[in-house]
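Scroll down for the structure; my scribbles are underneath it.
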Amino acid sequence: MKNTIKNIAALFLIFIFSGSLANAQGWSVPSSAKKKQNPYEATAKNISSGKKIYNLNCKSCHGDPTMANMLPLAPVAPTDLGSQNFLVQSSDGEIYYKVNKGQGAMPTFEKTLSDEDKWMVITFLRSFDKNKKERQQVAEIKNPEVTDVKLELKVNEAEKNMSAKLSGVTKTGKRVGLQGIEMSFLVKRSFGFLDVSGEDPYTNEKGDVQIQFPKDLPGDREGQVNMLVKVTDDAFYGKLEEARVVTLGVPTDPVNPLDERAMWGTRANAPIWIIVTFVGGVVGIWSVIFLVLFQMIKLPKLASKQD
Amino acid sequence: MNDLPKQKETTLSFEKIKKDILHPMQNHKGLELWIVFLIAVISVCGWAYYIQLKDGLGVTGMRDYVSWGLYIANFVFFVAVSLVGMLISSILGLLRIDWITPISRIAEIIAVAFVAVAGLVIVLDMGRPDRVLNVMIHGRFQSPILWDVTVITTYLTVSALLLILPMIPDLAICKKELTKASPIMKKLYNILSLGYINTPEQHKHLHKMIRTLMVLIVPIGLAIHTVTSWLFAATLRNGWDTTIFGPYFVAGAFVAGAAALIIAMYFFRVNYKLQDYITDLQFDKMGKLLVAVCLVYLYFNLNEFLVPGYKMKTGDDVHLKELFYGHWAIMFWSSQLLGNIIPIILLVYKKFRKPLPIMIISLFVLAGAWFKRYVIVIPTLLHPHLPIQNVPENFVHYYPTAIEVSVTVLSFALVLLIITVLSKIFPVVPIVETAESKGIEVKIDA
């Protein structure tokens, strides 16, 4: 949500700055900044979380890496950050500097992204660099080629935790666990999903990942909630997800705001004071009116009284 | 009254008052022609309404953004004008201000006509007028709509009573004097005069009833326009979301009502030859009253626009800029200048408070009041807080269609028709009260 707002704000900036961009200069990155090293390893986990951050913060302008589907901004369009050209020319430190400083329509992320997040994005981008194959190899760890990938869930209601197992069948016909894959554990709420995956939702060498379900999350009357568990990144094995109703929430009697007496309620649920005021006013005023009408009848009689 | 010394001239004068006031009701050639004209207008415009009824509200310019258009602006205007009944015959009446005697009935006639048609305008604005009773059957106490319908019906009833009750002695005179009247009218006078022969008991009894209603109509009158303002102020919208809307509307209503009364006074004075009754004094006093209420309204306007204009809150700013120097500037400033500020300046001078000049000024004030309502209702609707995405072009503008204009003309013609008919069957200047205020003996035969 916060990031959506950031993106919208960034889009506004585009319009504001697009005028001044007309005479934009090239980037000037100090050579000391260029030498800065990425302190994070190109593990599958880091790449995966880098991708997440990229999708939220950068994709709206830069498009998908290597796809060259960026926003056609004028006068300088955002670079395809996965293109070999760009990756060859830029050191990690250089990208880091540019992301921090921004230029023209490119917003500054100095304050809006943590250092770790920025390095994760850079790790992710670097995974497209063909010259760094050896690293990428490291990144795409050990998982053998598999078919028939399966996602199995196990729920422990007493401990309030749940685990997922990701496995596939190798060429030799053996079912093995898939390692280092990020999973998302999502709980359906009124508007969209709540991510309860926690800090480290990556499968271990057996293909297992376990998460602790929050202790205070309201469910329905029986404490049931709708869960959706999925492999975060469709790029690995395609869309893989499993929906399940689990009894892990706190049993909660739903409050229908229409059930209470309120200004927004139905007529039957109008606040007492407003009913009393209305009915009282109508009855009060109309009794006086009827009283006067009734008095009118007396008028002809008063004429004869005179005689 | 009965114990006053009998004088020959004064008895004659009472005859003269009766003759002066009753004569034009039956011997006014132009009046019938005028009524025929109004009925013709109503019939033609009725055709427009028929089309709207047949084809639905799509024939109007109203769309999802502007769902309250010309009709509601007109409704607010009518309600505003009708408030003059409460101002003149009740507030000033209770204060025993004597110069209102000859014009209080005109004020009451205006009130009845405008509030009756105001209620009708709401029905005209409905796509399914056959469901109007649902407002009562299913209405929510929390909704200003239910309050509005209730309070308008109540105001209409009390205004009608305040028209008829003080007229009872005059009706008794009509019964005797209007020998040429049709049998139906005679019957009407007979019934409505309730056997009144001005005995002291009857006099006392009648005035007690009238005073009760005069007090009663003050809260109802305040309520009718406050509730109407709450139809707007109870919603969260730029330009309507303000706390002073109730008193603001009431103040504006006094302006519109006073102006309408002055115009009506002028036409009755000229057409019914009532120069001896609706005198320069009444115009002079009404002019001063108009200045007073205009000043109050000006003060409210200052609050209503200067304070938000100083802050220019997001949302308000678009609305206010459109009013101050955007699309609505001409309408906004002409209603403020021609309809309020310039009239105040002119009416300070006595020579502008003579009948003809003040009538012309009042025409401007009344027209300004009408456009002011239009500027209150429509621009706000064009700037919703949550705009519709990919909104069709015709949602973001509003121009009333010929149908809407015709139906609005119909409502005006109807108001004029009601005023005309009421002034044809009832004496527009109170005969007995006028005589009493001049210390002339009143004699009503049984």
Taking a probe of 1.4 Å, how large is the accessible area per residue of the range A:147-247, in Å²?
-> 56 Å²
When the charge dipole of chain B is computed with +1 on Lys and Arg Cβ and -1 on Asp and Glu Cβ about the Cα centre, the Cα farthest towards its positive end, among B:S43, B:P24, B:T157, belongs to B:P24
For the range B:65-149, shape from the Cα gyration tensor axes a ≥ b ≥ c, cut at a/c of 1.5 then a/b versus b/c, turns out prolate
Using alpha carbons only, how many degrees (0 to 90, rounded to 10) separate the axis of helix B:168-177 from the longest principal axis of chain B?
-> 60 degrees
Note down the magnitude of the dipole of chain B about its Cα centre, charges +1 on Lys and Arg C-beta and -1 on Asp and Glu C-beta and zero elsewhere, to the nearest 20 debye.
-> 880 debye
Any idea what the relative contact order of chain B is, in percent, if you count C-alpha pairs under 8 Å spaced at least 6 apart?
-> 33 percent
What's the long-distance tail for the range B:298-349, i.e. % of Cα pairs beyond 12 Å?
-> 67 percent
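Report the extension gain between B:K29 and B:E393 in nm, rounded to one decimal, defined as 0.36 nm multiplied by the number of residues separating them, less their alpha carbon distance.
Full extension of this stretch gives 125.9 nm more.
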Nearest-0.05 FRET efficiency for A:E110 and A:F86, computed from C-beta distance (R0 22 Å) | 0.55
Per DSSP, the loop-located chymotrypsin sites (Phe, Trp or Tyr not before Pro) within the range A:167-197 having at most 10 other beta carbons within 10 Å are A:F191
Using a Förster distance of 30 Å, the FRET efficiency for B:W99-A:V283 (Cβ separation, nearest 0.05) | 0.20
Charge dipole (debye, nearest 20) of the protein assembly as shown; +1 at Cβ of Lys and Arg, -1 at Cβ of Asp and Glu = 1520 debye
Calc'd 3J(HN,Hα), the range B:125-136, phi into Karplus 6.51 cos²θ - 1.76 cosθ + 1.60 (θ = phi - 60°), Hz, glycine/Pro = x, comes to 7, 8, x, 10, x, 5, 9, 4, 5, 4, 4, 7
Would you mind listing how long the range B:332-446 runs along its three principal axes, going by Cα atoms, in whole Å with the largest first?
-> 75, 40, 24
With the dipole of chain B worked out from charges on the C-beta (+1 for Lys and Arg, -1 for Asp and Glu) around the Cα centre, which of B:S423, B:I376, B:S411 lies farthest toward the positive end?
-> B:S423
Qualifying aspartates and glutamates (Cα of each under 15 Å from Cα of A:K230; at least 8 residues distant if same chain) | A:E152, A:E182, A:D195, A:D200, A:D208, A:E241, A:E242
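Could you work out the relative contact order of the range B:238-332? I mean the mean sequence separation of Cα pairs under 8 Å and 6+ apart, divided by the number of residues, in percent.
After rounding, I find 38 percent.
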By the DSSP-based rule, helices of chain A that are at least 30 Å long along the axis (C-alpha) and have a mean Kyte score of at least -0.5 are A:272-306
Within the protein assembly as shown, the percent of DSSP beta bridges that are antiparallel, given to the nearest 5, stands at 95 percent
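Relative contact order of the range A:147-247, please, whole-number percent, based on alpha carbon pairs below 8 angstrom and at least 6 residues apart.
Dividing the mean separation by the residue count of the range A:147-247 yields 26 percent.
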Using θ = phi - 60° and the Karplus form 6.51 cos²θ - 1.76 cosθ + 1.60, what ³J(HN,Hα) does each residue of the range B:385-400 get, whole Hz, x for Gly and Pro?
-> 5, 10, x, 6, 7, 6, 6, x, 3, 7, 7, 8, 10, 9, 10, x
For the protein assembly as shown, what class follows from the C-alpha gyration tensor (a ≥ b ≥ c being the square roots of its eigenvalues): rounded when a/c is under 1.5, otherwise prolate if a/b is larger than b/c, else oblate?
-> prolate
Peptide A:280-291 - average C-beta neighbours from other chains (10 Å radius) | 4
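Greater than 27 Å separation of Cα atoms is the criterion. Which listed pairs, A:K51/A:K165; A:K52/B:K313; A:K59/A:K111; B:K208/B:K350; B:K18/B:K204, meet it?
Long pairs (Cα-Cα over 27 Å): A:K52/B:K313; B:K208/B:K350.
Figure the gain on full extension for B:K351 and B:K54 (residue separation times 0.36 nm, minus the Cα-Cα span) and round it to one decimal in nm. Don't skip to the end; give the middle numbers.
Details: separation 297, 0.36 × 297 = 106.92 nm, distance 5.24 nm.
Contour length minus the Cα-Cα distance gives 101.7 nm.
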How many times 2.2 N^0.38 Å is the alpha carbon radius of gyration of chain B?
-> 1.03
Would you mind getting me the FRET efficiency between B:I191 and B:K16? Use the beta-carbon distance for r and R0 = 30 Å, nearest 0.05.
-> 0.60
For the range A:147-247, the charge dipole (Cβ of Lys, Arg +1; Cβ of Asp, Glu -1; about the Cα centre) points to a positive end, and the Cα of A:P201, A:Q212, A:V231 closest to that extreme belongs to A:V231
If you take the accessible area of B alone, add that of A alone, and subtract the area of the pair, what total do you get in Å², probe 1.4 Å, to the nearest 100?
-> 2600 Å²
When all protein chains stay in place, what accessible area (Å², nearest 10, 1.4 Å probe) is found for A:S49?
-> 30 Å²
Expressed in nanometres to one decimal, the distance between label points 7 Å along Cα→Cβ at B:D445 and B:L337 is 6.2 nm
How many angstrom separate the Cα center of the range A:228-307 from the Cα center of the range B:141-187?
-> 35 Å
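To the nearest whole number, what is the average tally of beta carbon atoms from other chains within 10 Å of the beta carbons of peptide B:156-168? Provide the component values of the computation, followed by the final result.
Details: counts 0, 4, 5, 0, 0, 4, 1, 0, 1, 4, 0, 0, 2.
So the per-residue partner count for this stretch is 2.
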Amide H neighbours of A:L248 at under 5 Å, excluding residues fewer than 5 places away on the same chain, with H built from the backbone geometry, are A:V225
Name the lysines eligible as straight-distance cross-link partners of A:K171: C-alpha to C-alpha under 16 Å, and not fewer than 8 places from it in the same chain.
-> A:K142, A:K150
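The values are calculated or read from the model by the stated rules, or taken from the named source; none is laboratory data. Note that this is a predicted model, so its numbers are computed, not measured. As a convention, Cβ positions derive from the backbone with ideal geometry for all residues, glycine included, and neighbour counts pool all protein chains shown. Ligands, DNA and RNA are excluded from the accessible area calculation, which covers all protein heavy atoms including side chains. Shrake-Rupley method; radii C 1.70, N 1.55, O 1.52, S 1.80 Å.
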